[in-house]
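Written out below as structure tokens is the structure these notes cover.
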Amino acid sequence: MEKLFLHVCCGPCAAYPLEFFNKEKPSMELELWFHNPNIHPKSEFGRRRDSLAFLAAHHGLKVDFSSAYEPEAFLAELALSPESPDRCRRCYALRFEAAATEAAARGHKAFGTTLAFSRRQKHELIIEEGRRAAEALGLEFYYEDWRPGWQRGHEIAKSLGLYRQNYCGCIYSELER
């Protein structure tokens, strides 16, 4: 695999994975894609988008911001099952289905996600939903457990002055805080 379509949730969660690829897989060509209809409110969406744009520029990478702030479909989809872990599974599925579709349309053979950096995410569900979305379109789901780099990622984010959030982004998570 020489190219990877990488779904990116935010700058801080991408900091360590980008360093990882630079050091461990320097020949890997990355295409960064920001698609996160779960993020609420609009100001939070903007802060995460801008943080990622800064990080990508710092690495000399481009990032495709797939959509504007449009939480309606996400909220409608999760309204019937707003409790974790059901909502998290559906949230991953929505984003990974979109990522797989976009990756396939752009000719990629695999996609991955920076959600695999966070110790707060549900990795078993990430793997299940990532594989399901990939297999549906004949792709591979690239999973790397970046949690061992948690502290390093936070150091990078802090040194670059990236906005660091303390919830996943969805309104349900915000309410649980």
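Bear in mind these aren't lab numbers, they're just calculated from the coordinates by the rules spelled out. Keep in mind that this is a model prediction, so the values were computed, not measured. Neighbour counts run over all protein chains shown; Cβ positions are idealised from the backbone, glycine included.
The Cα atoms of the range 101-177 cover 37, 29, 22 Å along the three principal axes, with the biggest extent listed first. Residues considered: Ser84, Ser66, Ser159. Largest GNM mean-square fluctuation over the chain, using C-alpha springs under 10 Å, is found at Ser159. Along the axis of the charge dipole computed for the chain (Cβ charges of +1 for Lys and Arg, -1 for Asp and Glu, origin at the Cα centre), the listed residues Ala76, Leu162, Ala100 are led at the positive end by Leu162. Pairs of Cα atoms nearer than 8 Å and 6+ residues apart set the relative contact order; for the range 40-129 it is 21 percent.
Add -39500 (n - 2.57) for each DSSP H run of 4 or more in the chain, then divide by its residues: what number comes out at 222 nm, to the nearest 500 deg cm²/dmol? It comes out at -16000 deg cm²/dmol, rounded to the nearest 500.
If you run the Gaussian network model on the chain, springs between alpha carbon atoms under 10 Å, then out of Ala99, Ala68, Ala116 the most flexible one is Ala68.
Between Glu24 and Ser84, the FRET efficiency from the beta-carbon distance, with R0 = 30 Å, is close to 0.40.
With springs only between Cα atoms under 10 Å apart, run a GNM on the chain and tell me which of Ala98, Ala57, Ala133 wobbles the most. Maximum among the listed residues: Ala57.
Starting from one equal scatterer on each C-alpha and no solvent at all, send me the Debye-based log10 I(q)/I(0) for the range 1-122 at q = 0.15, 0.18 Å⁻¹, two decimals. For the range 1-122 at q = 0.15, 0.18 Å⁻¹, log10 I(q)/I(0) is -0.69, -0.99.
Using Cα pairs under 8 angstrom and six or more residues apart, how large is the relative contact order of the range 80-132, in percent?
In percent, rounded to a whole number, it is 44.
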